[in-house]
Amino acid sequence: MKLVTGGELLAMALARQGARHVFSISGGQLATVYDAMGRHPDMEVVTPRCETSAPLMACGYAAASGRPGVSMTTVGAGVVYEAAGLLYAWQNYLPVMSVAPQVQSWKIRPFQESLQACGQDELYPPMTRFAAIGHHWDRVPSLVDHAFREAVAGVPGPVHLDFPVDVLFARKFLTEKRRARLFPPVEHTRAPASVPGDPAALREAAALLKTWKQPVVILGQSMGLAGRFPGVLDSLAELGPPVVTTRASSGAYGPRAGQSLVLFRSPGVRGFLEQADGFVVLGMDPDAAQILDLARRNLAVIQVETDPRALVRRSGYLSVQADPESAARAWMSKIGGRKNWSRIFSAGLRTLAAGAAGPVSGLAPAMGSLARDLAVGDILVAEDGRAALAAASFLASVPFRTFLTQGRAAAGAGLPFAVGAALGSPGARVVLAADGESLFHHLRELFPAACLNLDLTILCVDSDGEPGISGEAARAAAALGWPVEELAPGAALPPGSLAPKTGPCFFRVMEG
């Protein structure tokens, strides 16, 4: 039996759910939490240079590891700066656990200014799957368990917990009896991995699939999240149907897979997609919906979702509530055995990719180096813009995971995302490809990457529009002791550049 603060109880609950890295800029309101994490043998606080980067690092960590990343910010300015990064997690279906302190319990409702507070309990609900305030010391563990479960159950996404400072600094005796009550077996707090689905809907989907000669599978909504549905990716690789992955698919890859970004940049895509007589959508997201609209609106669609709230009610849509692995066991074999169609679709994708790649053709040699040197388990993070288009065009079927980061919510998400991915996947080589302007948004995060000595390679693309910015990025990297090398226009990476190493390096890729 010992006296335990609410902050220590919070650290215990996070560690129990598998949190090993917490991305946070420290603040006094969380002092009891940092004190407890500093004494915990399995927890490490990673300090970014901006609160926006904390959830972005947690996004990369979650995408690479499959475990929720933890972002922790302080009252007031901290939570406001965090919002953009958390919105990025929401838009990309990534399980991120956000924690922030609150004003004292008696000041929350009606809101009373204190501790730089900003009425944050109204900020988080629109961009999270679950948001709550922990008003009582005894409820800290159960709320953490609930939040982690919500982050990964069904459609993954961010969650948020507020804890008033009086709860975090409160002290109570943690007896063995109370510990047993507050911390039930962790497996009892997890969401079920399988949602078998309605047998009648699965049979109806199987009957429809039998009639399709040229189906296409769309993988979206974090289907590639590490460890989430490995059976689906294995089945698709074995059966070989044409696959299109969305930018929110969390690095899903496989034979005959193409990126949605290529389709969006290709003028002849509508006619190409109209060759398909049906689509199987595993996880609807904005990219998947846009692909279906590009095909034709009255096309037959089978949509599989673990969360019934994500099902689309539209004519021509057959909705199946089940996890994709259960659906795969029930009828995935019905979309195999169409090798000729797969070859036709793959050839068409290559043609579209060649057309889309025109504006970034100068990056082909550098991308070819990645295709040559990276292997299964390695990670490429391609920042929205020229680098993402080049990756989508030149790296259609590669054995490593490719994440196309989108700047809709947080410009320049690539660098903090890559830092988190490197921490979430120790032993993997992580490469970030970004233009100078995107990289400049969070250039300060080069410092924690250097301090952590991550195996991170940056390809900073220099184009005519912003050569000065990429030069500034290269000088900043050099000042931190990163090896910096400049590649001539159209040059490939030197052999051995991506060999396993012990630290980061920086390449300035001149496009001409």
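The values are calculated or read from the model by the stated rules, or taken from the named source; none is laboratory data. Keep in mind that what you see is a predicted model, and the values were worked out from it rather than measured. Note that we place each Cβ from the backbone using ideal geometry, even for glycine, and neighbour counts take in every protein chain shown.
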Could you run through the stretch 208-267 and say how many residues are within 24 Å of Arg386 (Cα to Cα) and basic (Lys, Arg)? 3
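Quick check on Ala237: is it assigned to a helix (DSSP H, G or I), assigned by TED's automatic domain parsing to the domain that holds Leu311, buried (at least 20 other Cβ atoms within 10 Å of the Cβ) and small (Gly, Ala, Ser)? Walk me through it before giving the result.
On the way: assigned to a helix (DSSP H, G or I): yes; assigned by TED's automatic domain parsing to the domain that holds Leu311: yes; buried (at least 20 other Cβ atoms within 10 Å of the Cβ): no; small (Gly, Ala, Ser): yes.
Judged against the criteria, Ala237 is not a match.
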With Ala64, Ala84, Ala13, Ala58 as the choices, which residue is surrounded by fewer than 24 Cβ atoms within 10 Å (Cβ to Cβ) and under 21 Å from the mean Cα position of the chain (by Cα)? Ala84
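One residue is enough: does the stretch 131-153 have a residue meeting the conditions among the polar types (S, T, N, Q), in the same structural domain as Tyr88 (by TED's automatic domain parsing) and surrounded by fewer than 19 Cβ atoms within 10 Å (Cβ to Cβ)?
Quick first cut of the stretch 131-153, residues among the polar types (S, T, N, Q) only: 142.
If we keep only those that are in the same structural domain as Tyr88 (by TED's automatic domain parsing) too, we end up with 142.
From what is left, the residues that are surrounded by fewer than 19 Cβ atoms within 10 Å (Cβ to Cβ) are 142.
Checked the stretch 131-153: at least one residue is among the polar types (S, T, N, Q), in the same structural domain as Tyr88 (by TED's automatic domain parsing) and surrounded by fewer than 19 Cβ atoms within 10 Å (Cβ to Cβ).
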Among the residues of the stretch 283-304, write down those that are surrounded by fewer than 22 Cβ atoms within 10 Å (Cβ to Cβ), of a type outside the set (A, V, I, L, M, F, W, C) and in a loop (DSSP other than H, G, I, E, B). Arg296, Arg297, Asn298
Select from the stretch 371-384 the residues that are crowded, with 21+ Cβ neighbours inside 10 Å and in contact with a helix residue (DSSP H, G or I) (Cβ under 8 Å, 6 or more places away or on another chain) and list them in ascending order. Ile379, Leu380, Val381, Ala382, Glu383, Asp384
When restricted to Leu174, Leu123, Leu168, the only residue buried (at least 17 other Cβ atoms within 10 Å of the Cβ) and closer than 27 Å to Phe417 by Cβ is Leu123
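Name every residue in the stretch 358-393 that is small (Gly, Ala, Ser), within 29 Å of Glu238 (Cβ to Cβ) and free of Cβ contacts under 8 Å to residues at least 60 places away in the same chain, in order of residue number. Spell out how you get there, then give the answer.
Taking the stretch 358-393 first, the residues small (Gly, Ala, Ser) are 358, 361-362, 364, 366, 368-369, 371, 375, 377, 382, 385, 387-388, 390-393.
Then drop every residue that is not within 29 Å of Glu238 (Cβ to Cβ), which leaves 368, 371, 375, 377, 382, 388, 391-393.
Passing the criteria: Ala371, Ala375, Gly377, Ala382.
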Take the residues in the stretch 44-82 that are of a type in the set (S, T, N, Q) and modelled with pLDDT of 90 or more, then tell me which one is farthest from Phe163 (Cα to Cα). Ser65
Looking at Val155, Val232 in this structure, which one is out of contact with any His (no Cβ under 9 Å at 6 or more places or on another chain), in contact (Cβ under 8 Å) with a residue 40 or more places away in the chain and not in a helix (DSSP H, G or I)? Val155
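Can you name the helices (runs of 4 or more DSSP H) wholly within the stretch 422-479 that have at least 1 residues being among the hydroxyl-bearing types (Ser, Thr, Tyr)?
436-441, 467-479
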